[in-house]
Amino acid sequence: MAFSSITGQKQIKMRLAAEARRRGSGAYMLSGPAGSGKRLIAEEFAKALMCPDAGSDGACGVCSNCKYFDNFTTPDVTRVYEPSDTKNVKVDFIKDHVVAESYLKPQFARTKTFIIDFDYLGVESQNALLKSLEEPRKDVVFILTSSNTDQVLDTVMSRVTEIKLDPYSEEELEEIVKANCPDLDEAKIKSAVYNSGRIPGKAISLAMEDSGVSLRHEINSIMIAMPTSSYIDVLEDFVDVLTSFKDDSKIVASAILLFLDDAARLINYPDCRKINNELDREAIETFVASNKHISTLKLGRCTEAVNTFLRALEVNSNFDSSASAMLLRIHEELKK
Ligand SMILES: [Zn+2]
């Protein structure tokens, strides 16, 4: 996994994995159009920098530093992404959380990393960073991203190593779309890729519009009703959905996983910009707000139940009993 879990950008991934192993310091600027996967690569690079066992594919994924990274609990990685309340990040935030922090040594990892999306940085904030970018500590790395480097100050660009993302091939784009919309037929995948301008984010959103929207909607209604419904009612509704998507129990399971993921995201980050299922966002927000007894821990146990169900399908266990066992566990966790 690690870098290889990201499709495309082979040269860049190899280069960044090598940089991470070398433990270089300094500042990198990943540039490419919006939706081209810069953030995904930036995150994976930061993780590799954190990991003491990073190899040619980046982070090991199992050490404690990798775990802290995945749980967003490491003090050694600072992310500056889109602010929830203003257009740009406030300059005071940059001064307090980036500039000041960049003079301190890392606490757990060997490298302290700052991932900063320059699409949300005004001139003042960019200027505030100049000195830190020019003379970073030996154990500090800045990973900057930009969708439009024309809006980045020349004085910034002259202090960073720019890495331009490569264009994606059609095959890579199809693979990316397939991974995100497994229920979409071949022709629709091709059409999404064709109309995407070779930008994966765009291809995914075109495909999403076309795929399983109604199924996700139905699953979401069942999940939202779960806390106040009896197990028998839940089971009946669920059997109806399963009957109409009979051959695709994996898709039904992935729709439940997406719902659980969205609910957890909205508990942790109520203002987050994007969830998996934006169409049902309001309903999921209401679900989270009106069910304060549901914690991310409970949602995590529900996710575990779905994964158990998927594993059971793989070994051809009895479908009906596996599905009802999953539902029963989810119902137990979510009911009021
Ligand atoms: Zn690791």
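Residues His331, His293, His97, ranked from the fewest to the most other C-beta atoms within 10 Å, line up as His293, His97, His331.
Taking the chain on its own, what percent of its Cα-Cα pair distances exceed 29 Å? Result: 48 percent of Cα pairs exceed 29 Å.
Calculate the length of the line joining the C-alpha centroid of segment 25-89 to that of segment 242-320, in whole Å. Using only Cα atoms to place each centre, the spacing works out to 25 Å. Partners of Lys335 within straight-line reach, counting lysines whose Cα lies under 25 Å from its Cα and excluding those fewer than 8 residues away in the same chain: Lys250, Lys292, Lys298. Among Leu297, Leu257, Leu242, the largest mean-square fluctuation in a Gaussian network model of the chain, built with springs joining Cα atoms closer than 10 Å, belongs to Leu297.
Dividing the summed -39500 (n - 2.57) terms of all DSSP H runs of n ≥ 4 by the residue count of the chain sets its mean residue ellipticity at 222 nm at -16000 deg cm²/dmol. Each residue of segment 138-144 was assigned a 3J(HN,Hα) from its phi angle through the Karplus curve 6.51 cos²θ - 1.76 cosθ + 1.60 (θ = phi - 60°); the sequence is 5, 10, 10, 10, 9, 10, 9 Hz, with glycine and proline shown as x. Structure note, pairs Lys105/Lys164; Lys13/Lys164; Lys10/Lys178; Lys13/Lys87; Lys38/Lys190; Lys90/Lys131: Cα-Cα distances above 21 angstrom occur for Lys105/Lys164; Lys13/Lys87; Lys38/Lys190. Neighbour counts of C-beta atoms inside 10 Å place Cys66, Cys60, Cys51, Cys272 in the sequence Cys272, Cys60, Cys66, Cys51, starting with the fewest. Put simply, the amide H of Ile163, placed in the peptide plane, has neighbours under 5 Å in Met29, Leu30, Ser31, leaving out anything fewer than 5 places away on its chain.
For segment 136-203, applying the loop criterion from DSSP together with a ceiling of 14 other beta carbons within 10 Å to the trypsin sites (Lys or Arg not before Pro) yields Lys138. By other beta-carbon atoms within 10 Å, ranking Val91, Val315 with the fewest at the front produces Val315, Val91.
Here, each number is a calculation from the coordinates, and none is a lab measurement. The model shown is predicted, which means the values in this text are computed figures rather than measured ones. Note: ideal-geometry Cβ built from the backbone for every residue, glycine included; neighbour counts use all protein chains shown.
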